[in-house]
1. Enumerate the pairs (first residue in the stretch 88-99 and at positive phi; second residue anywhere and in a loop (DSSP other than H, G, I, E, B) and more than 9 Å from the ligand (Cβ to nearest atom)) with beta-carbon separation below 9 Å, excluding pairs fewer than 6 apart on the same chain, so at least 6 apart or on different chains.
2. Looking at TYR156, TYR80, TYR130, which one is aromatic (Phe, Trp, Tyr) and farther than 23 Å from ARG190 by Cα?
3. Can you list residue pairs whose Cβ atoms sit under 7 Å apart, with the first residue in the stretch 195-210 being not assigned by TED's automatic domain parsing to the domain that holds ALA73 and the second being β-branched (Val, Ile, Thr) and assigned to a helix (DSSP H, G or I)? Count only pairs 6 or more apart in sequence or on different chains.
4. Please tell me if SER143 is over 27 Å from GLU25 (Cα atoms), within 14 Å of the ligand (Cβ to nearest atom) and either among the charged types (D, E, K, R) or surrounded by fewer than 18 Cβ atoms within 10 Å (Cβ to Cβ) (or both).
5. Considering only residues that are within 15 Å of the ligand (Cβ to nearest atom) and in a strand (DSSP E or B), look in the stretch 131-140 and name the one that is nearest to GLY170 (Cα to Cα).
6. Being assigned by TED's automatic domain parsing to the domain that holds ASN49, under 18 Å from ARG18 (Cα atoms) and in contact with a Ser or Thr (Cβ under 7 Å, 6 or more places away or on another chain) is true for just one of ARG172, ARG102, ARG92. Which residue is that?
7. Can you tell me how many residues within the stretch 77-99 are among the β-branched types (Val, Ile, Thr) and more than 13 Å from the ligand (Cβ to nearest atom)?
8. Name the residues in the stretch 101-125 that are in contact with a helix residue (DSSP H, G or I) (Cβ under 9 Å, 6 or more places away or on another chain) and either without any contact (Cβ under 8 Å) to a residue 24 or more places away in the chain or of a type in the set (Asp, Glu) (or both), would you?
Amino acid sequence: MLLHLPDLLEPARLAHIRQRLETAEWGDGRITAGHQSARAKENLQLPENSPLASELGALVLEAVSRDSSFFAAALPRRIYPPLFNCYRGGGRFGNHIDNAVRYDRSQPNRAEPVRTDVSVTIFLSPPEDYDGGELLIEDTFGSQRVKLPAGHAVLYPASSLHQVTAVTRGQRLAAFFWVQSMVRDDGKRRLLFDLDLSIRQLTRDLPEHPSLLGLTGTYHNLLRRWAEV
Ligand code: NI
């Protein structure tokens, strides 16, 4: 499932993050790529676990934790701390699939494995600031081209083949992170998300409807059957 999360970052938070990134010391993006994808990757990235990445990552996660659509779609169990990247001067990231397991080293003396079930990219630059820089995601309905307003995000299965096209003008800033979901299978997550959405609509429109009890119970019983916690 590919899901657009509008206005994930509110304007003040977005402006603050962009301003802090303006004077950031970027590193070579290949440091976090696997052997295969390193050959396709030409971008800049904030060093992982650098003080700035941790500070801005916390701001991103605070906003994410308030987004009910994110929660319903990702059903997060663990989150790999957000990373920040910058594409400019023809920078691109060719077709690849992200590593399945990453080790979160944000806590001292500990490397916590995170299975990457869900990927989230948050666009930080307005689309008119740059040419190219589209996120191309292959999903079951073909290739999706994603270029969103600043502060909006896209959530998609981390198992997807994807790429970022060359940025031929301006600069594209983005934040991204991975989620280990309580529900590993994308098809099951999709069913739960659709059911959750319908229950929420019904709750809004017909709050007294007797079927709400049964539907909510079914949602939780499916989650109980499928969730790993
Ligand atoms: Ni990727």
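1. GLY90/ALA166
2. TYR130
3. Filtered contacts from the stretch 195-210: ILE199/THR216.
4. Criteria not met by SER143.
5. Filtering the stretch 131-140 for residues that are within 15 Å of the ligand (Cβ to nearest atom) and in a strand (DSSP E or B), the one nearest to GLY170 (Cα to Cα) comes out as LEU135.
6. Only one candidate passes the filter, namely ARG172.
7. Of the residues in that region, 1 qualify.
8. Selection gives ASP117 alone.
The values are calculated or read from the model by the stated rules, or taken from the named source; none is laboratory data. Computed from a predicted model, the values in this text were never measured in an experiment. As a convention, Cβ positions derive from the backbone with ideal geometry for all residues, glycine included, and neighbour counts pool all protein chains shown.
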